[in-house]
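Notes for the one structure printed next.
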Amino acid sequence: MQRLQSLNRRLSSLNRCVDSINWRLNPTQSFCSCQIVNNGNNRRKPGEKRKEKETLYSKISPLGNPSIKVTPVIDQWVESGKRVRFAEILRIIHDLRKRNRFSQALEVSEWMENSGLYAFTPTEHAVRLDLIGRVHGYLSAETYFNKLTEQDKTEKTYGALLHCYVRQREVGKSLSHLQTMKEKRICLSAVAYNDIMSLYTNVGQHEKVPDVLNRMKANGVTPDNLSYRICINSYGVRSDFDGMEKVLREMENQPGMKVDWNTYAVVANFYIKAGREDEANSYLVMAEMKLEKKDNLGYNHLISLHAHLGNKDQVLWLWKLQKQTSKCINRDYINVLKSLVRLGEFELAEELLKGWELSGNCYDFRLPLTIIDGYIKKGLCKMAEAKLRNLMNKGKATTPSSWERLSAGYLEMDEPVKASECMKIAVSFEGKHKGWKPDPRVLAKLVDFSPDQLGGKDSDESLSFNSVMPESR
C-alpha cells in the first residue's frame, strides 16, 4: 500500500515536470490550453463583444439632447432596487459639466440634494452654484448662496459665486464680492485673482490686468500658469511686446513653474498678428518642444499657427507626428485640411481627404466642405461643383448653405446660369434642413436676371426664386 502511494506521488511529480517542460517549449499553447479548461463554455465566440455592465452613468451619458430630463432615469433606477453610489453620482455631474450639458448636470445635483441620501459639503454647494449661474444666471446663484449656512460659506462657495459674476461680466458685483471676501478673511487663491484678470480681459480693460497680478504677488499669493498667461495676453493685445516678454521671462524663472506649449503659442500668435515672423517662428519652436504626446489640441493649434505663417513643411511634419502618437478624429482632420487650404495646397488636401475616407472615421460633411469652400474662395467654382455633385451621386449628405455659397461664387464670376442651377438645388432643401433660410441678397441678384440672361430659359426660375424671397423685399 505504501509502495503504491509512493508510486502515485512519483507519477504526479513526473507529470508536473512534463507540464513545466511543455510550458517552456511553448508557453502560448500551454496558456491557451489552460484557458480552455478554465473558461469552458464561458468563452466569448469570435467577434462577440464583451457585455458591458449596466450602470446609472451608462443610462444617462447617451442622453445628449439638453431638453431630455434625466431625473426620471434616476428615479426608475432607484425604483428597480438598484443603488446610487455617491462616487458615481459625482462622476455623472462631472461628466455632464465637461460636455457642457449644464442643465442636466444641475438636474442631477438637485436630485442628489433633494433625495436626502447625501450630505452636501461646500464642494458640492460650489458645483451647484456654478451650475445655477450657468443655467439661470447670477441672480439665482445669489439666492442659493444666501440660503447657505455660515459653515458652508467658504472659499469654494464664495469663489463659485464670484465666477458667476465674472462670467456675466458684472464688474461692480465682482469687485464688491471680492471686497466682501477680504473683509470676511476668506482666503484668496490664485483662482480668485485669475477671475478678476479674466473679467478685465473680457470687458476690454486690459491695462488693469498687470496691476491685479502685482497685487496678487504683494498679498503672498503665487501666480499659476493661467495668471501669467492672462497677463501676457493683456500686453500682447496692446502690442506692448517688451511688457509681454518681461512677464514671460519672470514666468520662466519662477521655481517649479512649468511653462507649457500654450503660453509660447499665445506669444507666437501675437507676433504673427504683428507680422514679426522671425519671433513667431522662434516661439513656435519652443512650443513644439513643450508639446506632449497624444495632445491633439496642442498639435491642432500649432499646425494652424504654422499655416498662418505659410510654413507648409512644419504643417506636414506636425501632422505626421500627430498621426504617429495618437488616434486622429474628424476634428483633427478638419484642422489640417483648413491649414492646407489656407496654404493653397489643394492637391495635398485632396490626398488627405482620401486618407480620411479610408481611416474608418464616420462621415462628416465638414471635411469635404473645407476643400469646397476653399475652391469657391479661389474662384474655382467648377471644381467645387464637381465635388458637391460627386458627393450627391454617392448618396452622401450635402447642405443647402454649401450650394448657396457656390451660387454666390458663380454670381461673382458672372455666370448666372450656373448660379441659378446651384440655387435651385439649395432651395430644394428648404424645410428639410432645420434653421436654414435662403440668403435674400443672393436671391435678389438671381431674381433680377432676365430669362435671356439665364440661358434663354423661361421666367419660371425667377418666379420660383420670388416665392422664397422675404416679404420685406
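The values are calculated or read from the model by the stated rules, or taken from the named source; none is laboratory data. Note that the coordinates shown come from a computational prediction; the quantities given were computed from them, not determined experimentally. With ideal geometry, Cβ positions are generated from the backbone for all residues, glycine too; neighbour counts draw on all protein chains shown.
Quick notes on this structure:
- Highlighted here are the helices (runs of 4 or more DSSP H) found entirely within the range 382-453 that include at least 3 residues which are within 14 Å of Pro368 (Cβ to Cβ) and not assigned by TED's automatic domain parsing to the domain that holds Glu350: 400-412.
- Positions within the range 107-147 being aliphatic (A, V, I, L, M), buried (at least 17 other Cβ atoms within 10 Å of the Cβ) and at pLDDT 95 or above, in sequence order: Ala126, Val127, Leu129, Leu131, Ile132, Ala141
- Looking only at residues of the range 303-314 that are farther than 19 Å from Thr370 by Cα and in contact with a helix residue (DSSP H, G or I) (Cβ under 8 Å, 6 or more places away or on another chain), we find that the one that is surrounded by the fewest Cβ atoms within 10 Å (Cβ to Cβ) is Leu309.
- Cβ pairs under 7 Å, 6+ apart, first in the range 45-63 and closer than 21 Å to Val84 by Cα, second outside any helix (DSSP H, G or I) and modelled with pLDDT of 55 or more: Leu56/Val84; Ser58/Glu52; Ile60/Val70; Leu63/Val70
- Residue within the range 161-170 that is under 30 Å from Met289 (Cα atoms), among the β-branched types (Val, Ile, Thr) and either in contact with a Gly (Cβ under 6 Å, 6 or more places away or on another chain) or assigned to a helix (DSSP H, G or I) (or both) present: no
- Hits in the range 91-102 (condition: more than 16 Å from Asn114 (Cβ to Cβ) and at pLDDT 90 or above): Arg91, His94, Asp95, Leu96, Arg97, Lys98, Asn100, Arg101, Phe102
- Qualifying residue in the range 333-347 (condition: in contact with a Ser or Thr (Cβ under 7 Å, 6 or more places away or on another chain) and either touching a residue at least 40 places away in the same chain (Cβ under 8 Å) or loosely packed, with under 15 Cβ neighbours inside 10 Å (or both)): no
- Complete set of residues in the range 200-236 that are surrounded by fewer than 21 Cβ atoms within 10 Å (Cβ to Cβ) and touching a Gly at 6+ places or on another chain (Cβ under 8 Å): Pro210
- Any pair with Cβ under 8 angstrom, 6 or more apart, that starts in the range 87-106 at a residue that is among the polar types (S, T, N, Q) and ends at one that is assigned to a helix (DSSP H, G or I): Ser103/Val135; Gln104/Ile60; Gln104/Leu96
- Within the range 199-234, the residues that satisfy the criterion of being aliphatic (A, V, I, L, M) and closer than 19 Å to Val267 by Cα are Val209, Leu213, Leu226, Ile230, Ile232.
- Number of the exception - Trp317 against (1) over 26 Å from Tyr363 (Cβ atoms); (2) surrounded by 15 or more Cβ atoms within 10 Å (Cβ to Cβ): (2)
- Counting only residues that are under 20 Å from the mean Cα position of the chain (by Cα) and at negative phi, the range 270-299 holds 8 of them.
- Subset of the range 270-296 [within 15 Å of Leu248 (Cβ to Cβ) and buried (at least 20 other Cβ atoms within 10 Å of the Cβ)]: Phe270, Tyr271, Ala280, Tyr283, Leu284, Ala287
- Those helices (runs of 4 or more DSSP H) of the range 310-361 in which 1 or more residues are among the hydroxyl-bearing types (Ser, Thr, Tyr) occupy 312-325, 330-342.
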